[in-house]
Amino acid sequence: MKKVVKFGGSSLASAEQFKKVADIIHADEERRYVVPSAPGKRFDKDTKVTDMLYSCYHLAEAGEDFESELAAIEERYQEIIDGLGLAISLKEEFETITENFKEKAGENYAASRGEYLNGIVMAAYLGYEFVDAAQTIRFKDSGEFDSELTNQILGQRLADLSHAVIPGFYGAYADGRVKTFSRGGSDITGSIVARAVKADVYENWTDVSGFLIADPRIIENPEAIETITYRELRELSYMGAGVLHEDAIFPVRREGIPINIRNTNRPTDEGTWIVESTCQKSRYVITGIAGKKGFCSVNIEKAMMNSEIGFGRKVLQAFEDYGISFEHVPSGIDTMTVFVHQDEFMDKEQKVVSAIHRLADPDSVDIEADLALIAVVGRGMRATRGTAGRIFSALAHANVNVKMIDQGSSELNIIVGVADEDFEAAIAAIYDIFVIAQL
């Protein structure tokens with residue numbers, strides 16, 4: 001068997017954490033390919049190395065002195081190197097970084113150096129081969145990740161390596177310019193590597209023991225999720241569940257490679273398994289609850305709207321013309337509501353309203369702000385009657401007014417819209433009726 005293991009920033013924030021990671025890797029000979037993040041926070045008020053690099057580069061870009069800021073970053077790595085008793089030096093690497101910062105190599109290059117340097121340290125500590133992601137992970141000229149070319153290049157590069165360290169978060173264009181994924185992109189790199197080596201398992205090690213049914217900042221000690229499907233995870237990640245980057249699913253999904261979310265500080269915990277499909281029943285009707293605040297609804301009314309061909313397209317064109325994506329579009333016979341992110345919409349709202357009138361000629365357009373969307377997700381909902389009714393009942397009992405409810409044809413998720421101020425109460429009510437009531 002082959003396992004790809006990715007470790008997050010908190011798992012690699014110090015020499016002590018590096019030692020824990022090494023123990024985990026050496027405890028299983030199948031853990032052969034390692035994807036490290038940049039060092040994270042060592043304590044609450046500490047700064048992540050990636051954020052330090054961003055700040056340092058912004059000074060360089062503005063033509064200001066950045067030597068002391070870069071020296072602080074070098075000190076962070078030297079602290080880890082000394083703590084591990086390694087004989088390596090990153091002096092030449094930091095000299096190269098200094099020159100590239102002066103030449104304004106770009107924010108992507110700057111941000112990627114955290115993973116790059118940590119990869120060098122990790123490879124030296126484990127005695128593994130270091131493989132620079134800039135040489136093996138490709139982006140198209142458009143900035144889009146080139147999955148097939150990457151799979152070919154990376155697969156060939158790793159084919160003859162029994163053990164390797166590949167830093168996360170970044171790759172490069174064909175001309176060598178560094179390009180990063182969005183924040184948290186080391187999760188994606190781990191998935192890409194797992195696909196390239198045809199791994200049996202992709203282990204993603206972080207500071208929590210897998211996914212929880214609900215946000216622990218809202219629900220005290222929520223139950224853990226033992227097994228979740230790719231589709232369920234996609235829904236929960238999109239709606240704010242932040243243990244794994246939502247795009248990390250795609251490379252392994254096409255190969256049927258399971259993901260195991262594990263806790264570096266509690267390595268004996270089984271964590272959460274993310275799989276393509278499973279015959280294992282969920283412990284509860286729902287698998288998880290997640291949500292986001294900060295939406296607004298644009299309600300369009302027009303008599304006989306249902307008989308007007310192309311009405312929906314005309315309305316949505318108004319949003320498209322101003323670069324605004326929509327989240328949900330529930331509709332009735334004479335009404336159509338478009339949910340959008342409030343911060344994207346606010347500055348363009350009157351232009352969009354004017355465009356809707358011009359393109360679709362509605363009777364009225366009404367906007368409601370400060371709304372939250374909550375996703376109730378679970379493969380168990382398909383075989384359970386009355387799930388939506390139980391949600392309505394729980395919210396009514398908690399005095400939460402439902403602004404919108406939308407269920408996909410797959411019966412995998414139900415989206416509920418409530419006022420921002422009712423967000424936490426709504427999640428607590430749904431958790432209580434589906435989880436607490438069954439304990």
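The values are calculated or read from the model by the stated rules, or taken from the named source; none is laboratory data. Being a predicted model, the structure only gives us computed values, none of them experimental. FYI the Cβ positions are ideal-geometry reconstructions off the backbone, even for glycines, and counts take in every protein chain you see. The area values use the complete protein model at the heavy-atom level, side chains included, leaving out ligands, DNA and RNA. Shrake-Rupley method; radii C 1.70, N 1.55, O 1.52, S 1.80 Å.
Quick notes on this structure:
- Value of relative contact order over the chain, rounded to a whole percent, pairs C-alpha under 8 Å and six or more apart: 13 percent
- Cα gyration tensor shape of the range 13-116, rounded if a/c is under 1.5, else prolate or oblate by comparing a/b with b/c: prolate
- Remark: the chain carries 46 Å² of accessible area per residue (probe radius 1.4 Å; ligands, DNA and RNA excluded).
- Interchain or long-range residues, amide H under 5 Å from ALA13's placed H: GLY40
- In this structure, the amide hydrogen of GLU276, modeled 1.01 Å from its nitrogen in the peptide plane, lies closer than 5 angstrom to those of TYR230, counting only residues at least 5 positions away or on a different chain.
- Calculated FRET value between GLU320 and HIS26, using beta carbons and R₀ = 45 Å, to 0.05: 0.30
- Other residues within the sphere of radius under 9 Å centred on the Cβ of LYS6, judged by their own Cβ, net out at -2 (K and R +1, D and E -1).
- Sequence-distant lysines (8 or more away, or on other chains) whose Cα lies within less than 23 Å of LYS48: LYS6, LYS19, LYS20, LYS91, LYS102, LYS104, LYS179
- Packing-based ranking, highest mean first, of 268-277, 255-264 given that Cβ atoms within 10 Å are counted: 255-264, 268-277
- Gained length - SER147 relative to HIS397, 0.36 nm times residue gap less alpha-carbon distance: 85.2 nm
- Seen against the Cα atoms of the chain and their longest principal axis, helix 423-434 is set at about 90 degrees.
- Restricting the range 1-62 to trypsin sites (Lys or Arg not before Pro) that sit in a DSSP loop and have at most 10 other Cβ atoms within 10 Å of their own Cβ leaves LYS45.
- Amide H within-cut-off set for ALA172, under 5 Å, with H built and near neighbours excluded: ILE137, ARG138, PHE139, LYS179
- Helix-only CD estimate at 222 nm, as mean residue ellipticity for the chain, using -39500 (n - 2.57) per DSSP H run (n ≥ 4): -11500 deg cm²/dmol
- Across the accessible surface of the range 309-439, with the other protein chains kept in place and a 1.4 Å probe, carbon and sulfur atoms take up 48 percent.
- Cβ-defined net charge surrounding ASP363, 13 Å radius [Lys, Arg +1; Asp, Glu -1]: -4
- Environment charge at LEU212 (Cβ cut-off 12 Å; Lys +1, Arg +1, Asp -1, Glu -1): -3
- Ranking by accessible area, most exposed first, for TYR322, TYR109 with a 1.4 Å probe: TYR322, TYR109
- Highest-first packing order for the peptide set 367-374, 191-198 is 191-198, 367-374, based on the mean count of other beta carbon atoms within 10 Å.
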